[in-house]
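Participant: Supplied in structure tokens, the structure appears directly below.
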Amino acid sequence: MLQKTYIIGRDNFTDAICSISSLLYKLEASSKTVRPVLFVFPEIYAQNELEYMLERASDALPGVQIFGVTNHNVTYNHEPDDYSAKIILSLICFEKANSGCDFVLSDLSEAPEYVASKQVINRLKLVKKAKGIFLFSSGLDARTNLYMQNIHENFPLLPIFGLSAATQNIAVPKAYIFANGKIISSGFLAIIFHGKELEILTDEVFGWTPLGKKMTVTKMRDNSEKIVSEIDNRPAVDIYTKYLGLLPEQVNMDNVCEFPIVKETGARIAGRICMRAFPDGSVNFGAPLKLGDEFRLTYGNPHEIFKASASHANLVAKFFPQALFLIGCMNRVIFFGEEQEREVSYFRKAHSELAVLHGNSELFFDKDGGSEINSTIVYIALREGKISESAKAESESLPQIQVIENNTHHKRVPLMRRLLTFLDVTTRELEDLQANLYEEVNRKTQEIIMQQQKLNEINKHIVLTLSNTIDAKDAYTNGHSRRVAEYAREISRRYGYNESAQEKVYMIGLLHDVGKIGVPDAIINKPGKLTNEEYEIIKTHPTIGAEILKNITEIPELSYGARWHHERFDGKGYPDKLRGEEIPEIAQIISVADAYDAMTSRRSYRTVMLQNKVREEIANGIGTQFAPRFAEIMLAMIDEDINYIMRGDLLAS
């Protein structure tokens, strides 16, 4: 693979095309079979001029695929505002027989994002050994994230990298993408690199440090994915007036370039830069956000950002690239100012013919996720063939690309540099302190939870013991309280109670008959029919139970279950003749469970009732004795119990 890159002005375009033609002729004359692709990145926004330029290139280079996108072609070591029109031409010559590129150009006026992404997906199914997609998008209304996400979901291991077309003015977009002579202003160009021996190394480098609390997007402007109206229910512009001390009219890219925001996208963090604020307090970001997104502000320490870039440049150098593209963000250009060339120089050491591009935003997706992003550089390194063993050995001895400081030890270090270092170190220390504090709080919380669980178990055993003592007073109702508790818990589960509430129901069920402690054993165990006086004494056990349990204020419902589990839905129960929803919900549940166990347990005066008879009694009691919603659940439980397991003689403890 061969790459040759030209940075020219408009007046030199013809000469550059002639130079490319001559180079291709020499390669052909040397019997080299190549498949040339010319990437054209013009800083030209007049379509007729662009058409004329591409027509000349196509005539001079027959058989050469020509792709491109309008671009902010920054000339390094110039002022960031020096945007005299420039053109970058980068020729790639594939040499291996199976290497090359295919493409899909989609016009949004003909194919919306989902349809356009399906076009790429269908093409990928036909392409052998696809290795990556070089993506160019154009149009402020293009939903590039949706387009990339659809492709990623179908080909999650295939990297996507690229940029959105640059515009002269964000309010008046004039941007284009083009392929083999066709130019569109709103859509997508997916260039599919493929080849058995083609290898691609790609990643994105951010480098800013997250700072402060998480904030949440709480309102978006209608029909826009880049204009945020409110953050934490306040005008979005407030985060810049609050944290940076700016007036709303001062909120723009020049004044906030040091402080992008970041959100998590999969395993990655993705930068977003504020482009401008509107009079209504909303903010236009350079990449999409959505309602509910959480993000943090960041700050940039140039030294740390350069270190991150140099680290990645070393990885690229060890890859031995034969072609290299670097996609930068204009926010980094503004932020670094006169030092902007330093970052590029690290990658230029890895490959001198690299092409450096700048659009309105960067595009990146890999197996860990991704999105349209800002304040980032994306690199794409290509080579054909494996790295030889000798090259691998050579890579071990390659000098490391390092960050070289411009300030010598005897010069005064700029105040901003010292403040940023101070902010960087103290932020990391605070984050470490916060992490340690979180671990300690978590450890203590776990200790408290374990102690509470132990205490709950002890309380449960005490309650079980007490309920067993109550049941032991009646030779015929052994295990009654436990069974009622279990039936009641299942009813509450099916009704939708959470696990904690279900356990509370179980405890209340265990103690619903605690008042029988105050009823003489002779009455409880009387084998024959009770007299009216004896029945009246039995009927006092709900009020006795409520008196016993009323002082347990942590679970006031304990006394509700004890006092009102013999109330009836029609108001004919006791002790208070409550009717319908006057009866506490827990007592309604216990009432059904208690009646069911009474009918399915052996008594001194009868055996266990037949299941169909029990079902009939529950059904007949709907709306009179029982709350309909809980009786219906009990009927469902009966219907599922085809072997009649829910019986006192089988479940007795």
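Participant: Could you give every pair whose Cβ atoms fall below 9 Å, whose first residue belongs to segment 623-640 and is within 17 Å of Gly580 (Cα to Cα), and whose second residue is acidic (Asp, Glu) and outside any helix (DSSP H, G or I), counting only separations of at least 6 or pairs across chains?
Facilitator: Gly623/Asp570; Thr624/Asp570; Gln625/Asp570
Participant: Name the residues in segment 26-55 that are farther than 24 Å from Phe193 by Cα and part of a helix (DSSP H, G or I), would you?
Facilitator: Within segment 26-55, Lys26, Ala29, Gln47, Asn48, Glu49, Leu50, Glu51, Tyr52, Met53, Glu55 meet the criteria.
Participant: Considering only residues of segment 374-406 that are touching a Lys or Arg at 6+ places or on another chain (Cβ under 6 Å) and closer than 30 Å to Gly286 by Cα, which is modelled with the highest pLDDT? Spell out the reasoning first.
Facilitator: Here is the first cut: in segment 374-406, the residues touching a Lys or Arg at 6+ places or on another chain (Cβ under 6 Å) are 374, 384, 395, 401, 403.
Still in the list and also closer than 30 Å to Gly286 by Cα: 374, 403.
Details: Asn374: 93, Val403: 71.
Step by step, filter segment 374-406, then rank; the result is Asn374.
Participant: What residue, among those in segment 260-285 that are in a loop (DSSP other than H, G, I, E, B) and at pLDDT below 90, is surrounded by the fewest Cβ atoms within 10 Å (Cβ to Cβ)? Walk me through it before giving the result.
Facilitator: Let us first name the residues in segment 260-285 that are in a loop (DSSP other than H, G, I, E, B), namely 260, 266-267, 273, 278-282.
Among the residues that remain, those that are also at pLDDT below 90 are: 266-267.
Values: Gly266: 14, Ala267: 10.
Restricting to residues being in a loop (DSSP other than H, G, I, E, B) and at pLDDT below 90, the top hit is Ala267.
Participant: Does segment 192-212 contain at least one residue that is in a loop (DSSP other than H, G, I, E, B), surrounded by fewer than 21 Cβ atoms within 10 Å (Cβ to Cβ) and not polar (S, T, N, Q)?
Facilitator: So the first thing to find is which residues in segment 192-212 are in a loop (DSSP other than H, G, I, E, B), and the list is 195-197, 206-208.
In the following step, the residues that additionally are surrounded by fewer than 21 Cβ atoms within 10 Å (Cβ to Cβ) were identified as 196-197.
From what's left, not polar (S, T, N, Q): 196-197.
Checked segment 192-212: at least one residue is in a loop (DSSP other than H, G, I, E, B), surrounded by fewer than 21 Cβ atoms within 10 Å (Cβ to Cβ) and not polar (S, T, N, Q).
Participant: Something else: Name the residues in segment 358-368 that are buried (at least 24 other Cβ atoms within 10 Å of the Cβ) and part of a strand (DSSP E or B), would you?
Facilitator: Gly359, Ser361, Glu362, Leu363, Phe364, Phe365
Participant: Kindly list the number of the only condition in (1) crowded, with 20+ Cβ neighbours inside 10 Å; (2) at pLDDT below 95 that fails for Tyr45.
Facilitator: Here Tyr45 meets the rest and fails (1).
Participant: Can you name the number of the only condition in (1) of a type in the set (D, E, K, R); (2) surrounded by 21 or more Cβ atoms within 10 Å (Cβ to Cβ); (3) part of a loop (DSSP other than H, G, I, E, B) that Lys290 fails?
Facilitator: (2)
Participant: Does segment 231-259 hold any residues that are crowded, with 20+ Cβ neighbours inside 10 Å and under 20 Å from the mean Cα position of the chain (by Cα), and which are they?
Facilitator: Ile231
This table checks each residue for (1) of a type outside the set (Asp, Glu); (2) touching a strand residue (DSSP E or B) at 6+ places or on another chain (Cβ under 6 Å).
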position: Met599; (1), (2): yes, no
position: Arg602; (1), (2): yes, no
position: Glu616; (1), (2): no, no
position: Ala619; (1), (2): yes, no
position: Thr624; (1), (2): yes, no
position: Pro628; (1), (2): yes, yes
position: Ile633; (1), (2): yes, no
position: Asp641; (1), (2): no, no
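Participant: May I ask you to list the residues in segment 216-226 that are within 25 Å of Asn360 (Cβ to Cβ) and surrounded by fewer than 18 Cβ atoms within 10 Å (Cβ to Cβ)?
Facilitator: Residues satisfying the conditions are Lys219, Arg221, Asp222, Asn223, Ser224.
Participant: Right, here's the next one. Can you name every residue in segment 326-342 that is out of contact with any helix residue (DSSP H, G or I) (no Cβ under 6 Å at 6 or more places or on another chain), hydrophobic (A, V, I, L, M, F, W, C) and open to solvent by less than 10 Å² (accessible area, probe 1.4 Å)?
Facilitator: Result: Ile327, Cys329.
Participant: Among Ser371, Ser309, Ser345, Ser375, which is the only one that is in a helix (DSSP H, G or I), open to solvent by less than 10 Å² (accessible area, probe 1.4 Å) and not hydrophobic (A, V, I, L, M, F, W, C)?
Facilitator: It is Ser309.
Participant: Please pick out the residue among Asn498, Asn532 that is farther than 24 Å from Ile590 by Cα, open to solvent by 80 Å² or more (accessible area, probe 1.4 Å), of a type outside the set (A, V, I, L, M) and without any contact (Cβ under 8 Å) to a residue 24 or more places away in the chain.
Facilitator: Selected residue: Asn532, the only one of Asn498, Asn532 that is farther than 24 Å from Ile590 by Cα, open to solvent by 80 Å² or more (accessible area, probe 1.4 Å), of a type outside the set (A, V, I, L, M) and without any contact (Cβ under 8 Å) to a residue 24 or more places away in the chain.
So that you can scan it fast, the table gives a plain yes or no per residue for (1) open to solvent by 30 Å² or more (accessible area, probe 1.4 Å); (2) β-branched (Val, Ile, Thr); (3) within 23 Å of Trp564 (Cβ to Cβ); (4) modelled with pLDDT under 95:
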residue: Glu581; (1), (2), (3), (4): yes, no, yes, yes
residue: Ile589; (1), (2), (3), (4): no, yes, yes, no
residue: Val592; (1), (2), (3), (4): no, yes, yes, no
residue: Asp597; (1), (2), (3), (4): no, no, yes, yes
residue: Thr600; (1), (2), (3), (4): no, yes, yes, yes
residue: Arg603; (1), (2), (3), (4): yes, no, no, yes
residue: Thr607; (1), (2), (3), (4): yes, yes, no, yes
residue: Leu610; (1), (2), (3), (4): yes, no, no, yes
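Participant: Only one residue in Glu294, Glu304, Glu341 is of a type in the set (Asp, Glu) and under 23 Å from Asn71 (Cα atoms), so which one is that? Before the answer, list the steps.
Facilitator: Details: Glu294 fails: under 23 Å from Asn71 (Cα atoms); Glu304 fails: under 23 Å from Asn71 (Cα atoms).
Only one candidate qualifies: Glu341.
Participant: Quick one: Tyr497 ticks every box in (1) under 28 Å from Pro628 (Cβ atoms); (2) not in a loop (DSSP other than H, G, I, E, B) bar one, so which box is it?
Facilitator: (2)
Participant: Does segment 237-245 include one or more residues that are over 22 Å from Leu163 (Cβ atoms), touching a helix residue (DSSP H, G or I) at 6+ places or on another chain (Cβ under 8 Å) and not in a helix (DSSP H, G or I)?
Facilitator: Yes; the residues of segment 237-245 include at least one that is over 22 Å from Leu163 (Cβ atoms), touching a helix residue (DSSP H, G or I) at 6+ places or on another chain (Cβ under 8 Å) and not in a helix (DSSP H, G or I).
Participant: For residues in segment 58-79 being modelled with pLDDT of 85 or more and touching a Phe, Trp or Tyr at 6+ places or on another chain (Cβ under 8 Å), which is farthest from Phe103 (Cα to Cα)? If you could, list the steps in order and put the result at the bottom.
Facilitator: Keep residues of segment 58-79 that are modelled with pLDDT of 85 or more, which gives 58-70.
Cutting the leftovers down to touching a Phe, Trp or Tyr at 6+ places or on another chain (Cβ under 8 Å) gives us 65-70.
Values: Gln65: 10, Ile66: 11, Phe67: 9, Gly68: 12, Val69: 14, Thr70: 18 Å.
Per the criteria, the residue is Thr70.
Participant: Every residue in segment 348-357 that is in a strand (DSSP E or B) and open to solvent by 10 Å² or more (accessible area, probe 1.4 Å), please.
Facilitator: Val356
The values are calculated or read from the model by the stated rules, or taken from the named source; none is laboratory data. These numbers were taken from a predicted model, which means no experiment stands behind them. As a convention, Cβ positions derive from the backbone with ideal geometry for all residues, glycine included, and neighbour counts pool all protein chains shown. Protein only, heavy atoms only, side chains kept; ligands, DNA and RNA dropped before computing areas. Shrake-Rupley method; radii C 1.70, N 1.55, O 1.52, S 1.80 Å.
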